[in-house]
Amino acid sequence: MTSELIAHAVITGGASGIGLATAQLFRGHGAAVTILDLHRDGADIAAGIGAEFIRLDVTDAEAIETCAAGLEAGAPPTVLVTCAGILQRMDPPEQISWAEWDRVTAIHQRGTFACCKSFGSRMAVRGAGAIVTVSSVAGIATGPLHAYGPAKAAIAHLSKSLAAEWGPKGVRVNSVAPGFTSTPALDRGLSVGALSGNRLAAGAALGRLVEAEEIANAIGFLAGPDASAITGVVLPVDCGYLVAGDWGVYGGLR
């Protein structure tokens with residue numbers, strides 16, 4: 001990744017996991033970074049890498065609009081990365097509460113759109129910018145995540161629609177679709193036995209989990225000038241999880 005077009009990156013969910021890895025990558029290449037997050041230690045984490053921190057709930061569209069307007073008046077963001085998200089329990093559909101469905105959908109689908117609307121529309125007025133959303137392989141392949149998966153699929157579709165909408169105005173919009181990635185959130189699922197690390201690794205062609213830094217590298221590429229002709233793509237970064245899936249009916253990978 002080169003930094004010449006990434007002067008100021010705004011990263012939602014940037015205080016942990018993929019978002020933090022992306023913030024660290026951008027800072028390492030000299031970009032200014034503003035982290036938007038609700039993490040209780042977010043201010044200290046941001047300060048530790050030389051980033052700015054704004055406590056913000058991505059489900060609060062009014063707060064996002066206020067934030068975008070304030071940043072635009074100073075150093076306008078040239079890149080937006082929407083990493084904010086939560087995981088979902090693997091419950092059967094009849095056991096999923098509407099409260100959980102609404103929260104997962106609000107953070108992922110509504111939150112991504114609200115951030116794109118406020119920040120991306122200003123990029124379009126300026127005539128330049130790059131947005132990278134975070135979808136998931138769960139939005140491509142089915143699984144027992146009946147709120148999370150559809151919300152991630154919606155992010156992928158939204159990204160393509162916005163790429164067509166804002167492309168003529170100089171704004172590129174792409175999405176990464178991470179596979180099972182070693183993050184604090186996934187580690188909590190592994191620690192309580194909700195997921196099996198060995199099983200997750202065995203389900204990927206490369207035989208391992210994805211590292212957060214590997215997702216960050218893909219985000220950095222899509223946000224930067226080396227991807228100047230790329231817009232509207234959904235890029236799986238999954239250690240080959242998607243290509244390995246159907247091999248199970250033949251006895252698994254060999």
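Quick note: the coordinates plus some simple rules give every number you see, no bench work behind them. On a predicted model such as this, the values are computed, not experimentally measured, just so you know. Because the Cβ atoms are built from the backbone with ideal geometry, glycine has one as well, and the counts that use them run over all protein chains shown.
Taking the Cβ-Cβ separation of Ser228 and Arg40 as r and a Förster radius of 35 Å, what is the calculated FRET efficiency to the nearest 0.05? Spell out each step's value before the answer.
On the way: r = 38 Å, r/R0 = 1.09.
The formula returns an efficiency of 0.35 here.
Distances over 17 Å make up what percent of all Cα-Cα pairs in segment 1-63?
Of the Cα pairs, 33 percent sit more than 17 Å apart.
In units of 2.2 N^0.38 Å, what is the alpha-carbon radius of gyration of segment 48-188?
Expressed relative to 2.2 N^0.38 Å, the Cα Rg reads 1.09.
Lys169: which lysines have alpha carbons under 25 Å from its alpha carbon, excluding same-chain residues fewer than 8 sequence positions away?
Hits, sequence-local ones excluded: Lys117, Lys160.
Over all distinct alpha-carbon pairs, what is the Kirkwood Rh of the chain in angstrom?
It is 18.3 Å.
Please compute the contact order of segment 8-244 in relative form: average sequence separation of alpha-carbon pairs under 8 Å and at least six residues apart, divided by the residue count, as a percent.
20 percent
Mind jotting down the distance between the C-alpha centroids of segment 110-136 and segment 141-159, whole Å?
The distance from the Cα centre of segment 141-159 to that of segment 110-136 comes to 19 Å.
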